[in-house]
Amino acid sequence: MSNFAFGTYRISDYNPQHIEALKEAIRAGITMIDTSSNYMNGGAERAIALAFREFAVHVRSEVEIVSKFGYIQGSNMDRHKEKAFDEVVEFSQDCFHSISKSFIHDQLTESLKRLEMQRLDCYLIHNPEYYLLDAINKKVDKDDRLDEMYRRLYRAFVALEEEVKNGRIYSYGISSNSFSKDHNSDEFLPYEDLITIADKASEDVGNDTHSFTTIELPINILEREGLKCASWAKENGLRVLANRPLNAEHEKLMYRLADYDEPREYYHHLNELLEVCDNEMLRPLYNLLEELDASKHKFGWIGDYDAFFYAQIIPHMRTALEAIDEKNKEILLNFIDLFFAEYRKMVLHECSKNTRVQLKDFFKDCDWTLQECALKFLMQRESIDYILVGMRKPSYVHEILALKD
């Protein structure tokens, strides 16, 4: 049966609740924490360090830290997805074109500094397939782009074997969304030759055996193609980390595989804010609130709402509040914060209802919550060693770990 690992994709060192959730997971016996240098611009790694400060050394030694390097993540909060993708590709090209011992040394040094560690348990190349995506856009021949991909991975493996030899990491691996693609997809990253590449890298560095131990990829109850890669990995002595267990794609649509209760305070905060905005000066904001309430069931999944919130709602609110003096603006913003906290919960609730309808065939034999069904599906896969789950609240930690009982 698979173990749960603490995924830190949205964990911040500025959020006390995130730090407490990490501490609670450590107290509860979590044995792996997965992070990356680019999660919250290094904030996730710093949060892990903060959480560990109150624990004895022997407790720390029982928790494996897996981190990643390889690209800078663009933020959908303040830029268009196209620009973010371009920045990711540009950095990824530079990174894997000039991959060297010094590059990885510098990246690893910064991660170790943020984590307050001398040695990292496992270091993963993060989404190397961005090179493939760029090559596809540039219409590079398939054989040529795969040859170049393997060449870049070999150079990365050599650099990582050097870090193993120098004692700064125990092992390394790859985290790739492309491992989960259909084998006929142009975006698929073939994995069958990775062991051979690792053997060659370790031999050239002078290590007795390679230290390529881990692959990470999306696998969930909707996206099962990655199970083929997982089976291959287990047959070759590698371990498998499954990410995105609850954020799943089906027929080009995204779903959050979790049930959410209807928030009790939603209508209270909505009516309270509508009353405050029921005047000529705040009429645009009043109209926006009415439109949002009427549209709360129309978002496909919570990610659609989050993108809409930052791209459309925030600019609209800024314009609507320009005429308000600072004192009244501060008071109004308190009402707005309370409402939008509840509105997001309401969107989650509406999305979960829609998910149950749209995906009824996947969950027809499951009498538990959506998240329990989705996680238990993965727990039963013998080819999966760890399931990475975001646990940003202490209550989430207890909810997830209780599934092991």
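The values are calculated or read from the model by the stated rules, or taken from the named source; none is laboratory data. For clarity, every value in this text was computed on a predicted model and none was experimentally measured. Backbone-built Cβ (ideal geometry, glycine too); neighbour counts: all protein chains shown. For accessibility, only protein heavy atoms count, side chains too; no ligands or nucleic acids. Shrake-Rupley method; radii C 1.70, N 1.55, O 1.52, S 1.80 Å.
Brief remarks on what is shown
- Within region 337-369, considering residues that are among the β-branched types (Val, Ile, Thr) and part of a helix (DSSP H, G or I), the one nearest to residue 246 (Cα to Cα): 355
- Hits in region 205-250 (condition: in contact with a strand residue (DSSP E or B) (Cβ under 8 Å, 6 or more places away or on another chain) and acidic (Asp, Glu)): 216, 223, 249
- Check on residue 372, part of a helix (DSSP H, G or I) and in contact with an Asp or Glu (Cβ under 6 Å, 6 or more places away or on another chain): no
- Within region 53-74, restricting attention to residues that are outside any strand (DSSP E or B), small (Gly, Ala, Ser) and within 21 Å of the chain's Cα centre (by Cα), the residue that is nearest to residue 214 (Cα to Cα) is 70.
- Residue within region 205-224 that is under 25 Å from the mean Cα position of the chain (by Cα) and free of Cβ contacts under 8 Å to residues at least 24 places away in the same chain present: yes
- For region 124-147, a residue qualifies if it is acidic (Asp, Glu) and either open to solvent by less than 40 Å² (accessible area, probe 1.4 Å) or within 30 Å of residue 58 (Cα to Cα) (or both), and the qualifying residues are 129, 134.
- Residue 323 small (Gly, Ala, Ser), open to solvent by 20 Å² or more (accessible area, probe 1.4 Å) and either touching a Pro at 6+ places or on another chain (Cβ under 9 Å) or part of a helix (DSSP H, G or I) (or both): no
- In region 285-299, the residues that are among the aliphatic types (A, V, I, L, M) reach residues that are open to solvent by 40 Å² or more (accessible area, probe 1.4 Å) with C-beta atoms within less than 8 angstrom, at least six apart or across chains, in these pairs: 288/316.
- Qualifying residue in region 311-328 (condition: touching a strand residue (DSSP E or B) at 6+ places or on another chain (Cβ under 7 Å) and closer than 21 Å to residue 263 by Cβ): no
- Scanning region 172-188 for residues that are polar (S, T, N, Q), within 25 Å of the chain's Cα centre (by Cα) and open to solvent by 10 Å² or more (accessible area, probe 1.4 Å) returns 177, 180, 185.
- In region 301-317, the condition of being open to solvent by 60 Å² or more (accessible area, probe 1.4 Å), among the hydroxyl-bearing types (Ser, Thr, Tyr) and in contact (Cβ under 8 Å) with a residue 60 or more places away in the chain is met by at least one residue.
- If you filter region 189-210 down to residues that are of a type in the set (Ser, Thr, Tyr) and open to solvent by 30 Å² or more (accessible area, probe 1.4 Å), you find that the one that is nearest to residue 122 (Cα to Cα) is 209.
- Looking only at residues in region 380-398 that are part of a helix (DSSP H, G or I) and under 19 Å from the mean Cα position of the chain (by Cα), the one that is surrounded by the most Cβ atoms within 10 Å (Cβ to Cβ) is 397.
- Consider region 84-123 and keep the residues that are at pLDDT below 95 and in a loop (DSSP other than H, G, I, E, B). The one that is least open to solvent (accessible area, probe 1.4 Å) is 99.
- The residue that is surrounded by the most Cβ atoms within 10 Å (Cβ to Cβ), among those in region 23-52 that are part of a helix (DSSP H, G or I) and within 14 Å of the chain's Cα centre (by Cα), is 45.
- Answer residue from region 162-171, given it is assigned to a helix (DSSP H, G or I) and open to solvent by 20 Å² or more (accessible area, probe 1.4 Å) and is nearest to residue 232 (Cα to Cα) among those: 164
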